Amino acid sequence: MSNPARPEAVLSGASPAPSAEDSAMPPKEVLASRPRRKLPGWLDHFNARDLKILFRCTVAAWVASLLIFINPALQTIGTATFFATLVLFMVPPNGIVFIFILGTLTLIIGMGLGWGWGVIAMKAALAARPAADTQAKLQALGQHAYSVANSTGQPVAAVQQQLIYEGWMLDTRVSAVYFCFICFLVYVLARIRAKNPKFTLIQIFGTIIMDLFITIGPLLPSFNGTMPKVLIEPAAIGIGIGLACNILFFPTSTSHTVLEGMEGVVRLLKGPLDATVTSLIDEENLEVADLQKLKMKALGAYKKVEPALGFLQLDFSVSRWNADDVKSLKEPIRRAALSSLSLLEFHISRVGGEAKLEKLRTITAKHNQYSEIEDAEKKKGKGQPREVGIRQLLESLSLVKAFTTPEHEVLRQEMLEAIREPCTKILPACQEASALVADCIHAVNSSRWFGKPSKARLDDLLQRSESSLETLKNLRVSYASETTERLIQTNAEIFDESGKLKNVDDHTMHKVRGIAVGMVFEEQILAVTDAWEKILEQVVALMKERQRVRLWLPRGLRYAFDWVFHREAVAPVLAAQSPFVDPDVVEEQSKAAQQSLNMSRGYKFKRRSGLGRMILGAYHWLINADGLYAMRMVVVTIALAIPAVIPSSAGFYYREKGLWALIMGQTTVVVYMSDFTLSIASRFLGTVVGGVAGLVAWYIGSGRGPGNPYGLAAIMAVVLMLLMWGRLFAPPAVLQATIMGGATCILVIGYSYDDTHIPSYGNPGWGYNVFWRRLLLVLIGSAAALIVQLFPRPPSAARHVCKTMSNSIRALSDHYALLLSCWGQPDRDEGLMAEQLALDLAESLSALDGPVALLRLEFSGSPFDSDTLAQVKSICHELNQHLARLLFLSASLPENFQGVLARRAGLLDHRNIGDVMAVLGIVEQALKTGDPLPEVLPTPLLKRCYEFWRVHQVEMELSTDLIRDENYRRFCVAVTAYLKFLGAVDDLVLVMKGTLGESHIVRRELLPDLTV
């Protein structure tokens, strides 16, 4: 049932911001706004930026494909000319030049490794066969080729080449050496790729080059070190074409890309403000899923900006702002992101908390008395299942009663009214500030070559930004004082004339809780306001200082030129009130925090000898997930390459391009089973779609003829544009399918044209013949990968995710221990690095989004499914945020308030610490083992915190002067963060029990009265 009186209602909603002129309107009219309708996701890319990228990448792929239809180029490069276009589907020039160079550099390194190691393998393999044997075989080959040529009329050289490819020169010793050498590097590259996915291109292209050596090398009679040129030359040509297109067609500087990403982040960060605005009107407008989606989008957008920041110092750009100016926005935007996401998390906690409260209310209605609970348990004992976690929920009943009284509902209505009026002024100002920051960044980012905004437009933005900044500063002061005074006036009856509490009864405690909630929300809004104020200050300073467009060289060159030709170098622009942080101080703080964190992790005893540990470590290294993946790569390589070195099948393998089956098998094998399901489905789907596209292009461009270069060149422009659209803009889940589709289309066209223009032994034909052979090879490679992936044991992604989650819980325990070490210690400043610790853990948790979603595709015996692990991950995010806030407050909250929190909530009480550590430790182990949790645990921790306050009879100290103290407001934030931390741990236990069940059940009659 709707309850518009809840003060927590300020924590939900999502709507666009009103204009500044609306601030004089009534509150509900100011805060109401109709959301704009958006285009479907697949149409969102009809904008100038994405169309430019599509044009650049399509032109690069099309130009590379033209080399297939230009006869001199085809004759020079060879039958694998199509490989240039295929490389551009793997690494399209869709971003910054330096990032494209870095990506293609890894590709070149991979091919170079494969080539160098293959040459070494070829030398060693040929040395394994005595020269006399080689000479005898060559002599027999010449005689047989001469006799066949005489009988058939074919050239002797052609017959001799055919006999070689049919395995005339095969020797077991040579083949064995090839397999030993090549499989070794295949194993090494697979382990490197599994350890760090950034080396995926090195592994893929290095393995492809080595596949040439392992399948064709044993057939050759003599050393041929340039054999991989058939693939390396077109790959290098494709990279060169991509680089040229990246520079010639709509070149994008690093600063342009970073500013574009920052603009996207800023516009997304307006979402939490919109959510808060709408919630003041209708509290039931939000769903947790919508808030989580907004949070993930904001985090994802922020993470996308990070990689490009490292290339700013190498940037050549034509703009108003240089690389240092752009980089100066990083810290303010990071602060705004943290504060806005904190406000968004506040919404999520409120909406999720209401759902939990409703569940507890339902249990309260069912079980009003303990005797009824006991009777129900006896009935369930006759065969009815008992609800998991019921004991913990029943013990929370005493807390539910505090939130279900009529007085509480009235107080929430009063608190909402007290908060609403000040918000109608400051929230629109924050929304206007965020919109102006985004507009300023967009305008400056457009001031490059063409379509520049007018000077009047830029001056107007600067003037509005200065006005908005001044308004925001004034409203910040008035909002803090007005909100505080309204909270005091709303609850004036609980204070005496001197401003102190009259008495401490249930009614007063309800009022005090309402004040605390209001102050926490006030602090959240002020933190967001401060963050937007700092961004606006920096943007205004930059726009004032940088008034014209100029060419900016990389940092080193820029300062060198300025030093030679100018008296003073161009200094970075910083806002007047922006504090300068000494990098050395930050580094020292980081080292201190890391040292304290390492100490909180404790010490382990060495229980084995050095030799025993080495042997055991080597064994675990070999059989872990990465090691098994590398072994599977070796097995599938041997299985699919063996037919190439057997005399009876070597010719068939070469003619039917068995090499592609080997490549398909190797690229289909992945580390975990959930990824494999997607991998094999993507390859099949991509092969079919790409094959059909290739057939359509071939028959439209060639008809029934041998291949018309003009018709094929024309139709390929259209087909490549459609395929490149999917490659660039399709969801990440179908990325493999889009790459596979583009590769198959190019293979069909390339091999068909090769067959009709440079016929050679082993050509697969043209048109449909190429397609069905390609599809058959994909199925063979996928079938081999399936067998290798399933036996001896399918690698479960659920086990990997559970282990990672378990490690995250351990990291949270370390952070909790670090918090306890820092709390109330004035000489400890590790809390200043709380944000970095939280961001690092948040990144590792966010990296699990894809694997957790893919668990739906895995056949696994693990009790943890995708939905459960998503809940665990979400709760870990909550715990991380609450601990980060507490760690930060440990360095900024005055020592006396830290002591008050420790006394009232038992933060430093050894029994409470033991309870939290015990529960986290049990959950950590349960994630690894899958064992059910004991029924009786020291939960709910929230109830134990309440009991600590009641047993120790902590005296409530509150006055109007204290409420007006800014530090007390932050103290309320610390209290809320600690209570939410305990509540999140309780939720984590319930999720784990709901998945794994309960063990060690204690009889109900032995339990204390749960209704106390």
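Is at least one residue of the range 517-527 crowded, with 22+ Cβ neighbours inside 10 Å, touching a residue at least 40 places away in the same chain (Cβ under 8 Å), touching a helix residue (DSSP H, G or I) at 6+ places or on another chain (Cβ under 9 Å) and closer than 24 Å to VAL318 by Cα?
no
Are any of the residues in the range 754-761 assigned to a helix (DSSP H, G or I), crowded, with 24+ Cβ neighbours inside 10 Å and in the same structural domain as ILE663 (by TED's automatic domain parsing)?
There is no residue in the range 754-761 that is assigned to a helix (DSSP H, G or I), crowded, with 24+ Cβ neighbours inside 10 Å and in the same structural domain as ILE663 (by TED's automatic domain parsing).
Which condition breaks for THR960 when tested against (1) among the polar types (S, T, N, Q); (2) buried (at least 16 other Cβ atoms within 10 Å of the Cβ); (3) at pLDDT 85 or above?
Exception for THR960: condition (3).
All but one of (1) of a type outside the set (Phe, Trp, Tyr); (2) assigned to a helix (DSSP H, G or I); (3) crowded, with 16+ Cβ neighbours inside 10 Å hold for PRO93, so report the exception by its number.
Result: PRO93 passes all but (2).
Out of all the residues in the range 601-612, is one or more in contact with a helix residue (DSSP H, G or I) (Cβ under 6 Å, 6 or more places away or on another chain), surrounded by 15 or more Cβ atoms within 10 Å (Cβ to Cβ) and in contact (Cβ under 8 Å) with a residue 24 or more places away in the chain?
For the range 601-612, residues in contact with a helix residue (DSSP H, G or I) (Cβ under 6 Å, 6 or more places away or on another chain), surrounded by 15 or more Cβ atoms within 10 Å (Cβ to Cβ) and in contact (Cβ under 8 Å) with a residue 24 or more places away in the chain: absent.
Can you pull out the residues in the range 534-556 that are at pLDDT 85 or above, among the charged types (D, E, K, R) and crowded, with 16+ Cβ neighbours inside 10 Å?
LYS534, GLU537
Only one residue in VAL636, VAL645, VAL671, VAL688 is surrounded by 23 or more Cβ atoms within 10 Å (Cβ to Cβ), in contact (Cβ under 8 Å) with a residue 12 or more places away in the chain and within 23 Å of GLN789 (Cβ to Cβ). Which one?
Of the residues listed, the single one that is surrounded by 23 or more Cβ atoms within 10 Å (Cβ to Cβ), in contact (Cβ under 8 Å) with a residue 12 or more places away in the chain and within 23 Å of GLN789 (Cβ to Cβ) is VAL636.
Which residue out of VAL148, VAL230 is modelled with pLDDT under 95 and over 44 Å from the mean Cα position of the chain (by Cα)?
Being modelled with pLDDT under 95 and over 44 Å from the mean Cα position of the chain (by Cα) holds for just one of VAL148, VAL230, which is VAL148.
Among the numbered criteria (1) among the basic types (Lys, Arg); (2) over 30 Å from TYR753 (Cα atoms); (3) at pLDDT 50 or above, which single criterion is violated by ARG56?
(2)
It is to be established whether one or more residues within the range 963-971 are crowded, with 21+ Cβ neighbours inside 10 Å, among the polar types (S, T, N, Q), farther than 29 Å from VAL801 by Cβ and touching a residue at least 24 places away in the same chain (Cβ under 8 Å).
Checking the range 963-971: not a single residue is crowded, with 21+ Cβ neighbours inside 10 Å, among the polar types (S, T, N, Q), farther than 29 Å from VAL801 by Cβ and touching a residue at least 24 places away in the same chain (Cβ under 8 Å).
Each row is one residue, and each column tells you yes or no for (1) surrounded by 18 or more Cβ atoms within 10 Å (Cβ to Cβ); (2) within 21 Å of TYR816 (Cβ to Cβ).
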position	(1), (2)
LEU837	yes, yes
LEU855	yes, no
GLU858	yes, no
THR868	yes, no
LEU887	yes, yes
GLU895	no, yes
ALA902	no, yes
GLY906	yes, yes
VAL936	no, no
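If you take the residues in the range 291-314 that are under 13 Å from the mean Cα position of the chain (by Cα) and aliphatic (A, V, I, L, M), which one is surrounded by the fewest Cβ atoms within 10 Å (Cβ to Cβ)?
MET296
Mind listing whichever residues of the range 457-487 are aliphatic (A, V, I, L, M), surrounded by 16 or more Cβ atoms within 10 Å (Cβ to Cβ) and out of contact with any Gly (no Cβ under 8 Å at 6 or more places or on another chain)?
LEU458, LEU461, LEU462, LEU469, LEU472, LEU475, ALA480
Conditions (1) on the phi < 0 side of the Ramachandran plot; (2) surrounded by fewer than 17 Cβ atoms within 10 Å (Cβ to Cβ); (3) in the same structural domain as SER447 (by TED's automatic domain parsing); (4) of a type outside the set (A, V, I, L, M, F, W, C), marked per residue:
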{"position": "PHE223", "(1), (2), (3), (4)": "yes, yes, no, no"}
{"position": "MET227", "(1), (2), (3), (4)": "yes, no, no, no"}
{"position": "PRO234", "(1), (2), (3), (4)": "yes, no, no, yes"}
{"position": "GLY240", "(1), (2), (3), (4)": "yes, yes, no, yes"}
{"position": "ALA244", "(1), (2), (3), (4)": "yes, yes, no, no"}
{"position": "GLY261", "(1), (2), (3), (4)": "yes, no, yes, yes"}
{"position": "VAL266", "(1), (2), (3), (4)": "yes, no, yes, no"}
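Spot the failing condition for ALA157; the list is (1) in contact (Cβ under 8 Å) with a residue 24 or more places away in the chain; (2) part of a helix (DSSP H, G or I); (3) not hydroxyl-bearing (Ser, Thr, Tyr), and only one is missed.
Looking at each condition in turn, ALA157 falls short on (1).
Among (1) over 21 Å from ALA697 (Cβ atoms); (2) in contact with a Leu (Cβ under 6 Å, 6 or more places away or on another chain), there is one condition LEU837 misses while meeting the rest; what is its number?
Of the numbered conditions (1) over 21 Å from ALA697 (Cβ atoms); (2) in contact with a Leu (Cβ under 6 Å, 6 or more places away or on another chain), the odd one out for LEU837 is (2).
Looking only at residues that are basic (Lys, Arg) and at pLDDT below 75 in the range 315-368, which one is nearest to ASP530 (Cα to Cα)?
Across the range 315-368, the extreme among qualifying residues is ARG350.
Just checking, does the range 628-638 include any residue being closer than 26 Å to ARG173 by Cβ, assigned to a helix (DSSP H, G or I) and charged (D, E, K, R)?
No.
Quick check on SER454: is it surrounded by fewer than 13 Cβ atoms within 10 Å (Cβ to Cβ) and within 14 Å of GLU421 (Cβ to Cβ)?
no
The values are calculated or read from the model by the stated rules, or taken from the named source; none is laboratory data. Here the structure is a predicted model, which means the values were calculated and not measured. FYI the Cβ positions are ideal-geometry reconstructions off the backbone, even for glycines, and counts take in every protein chain you see.
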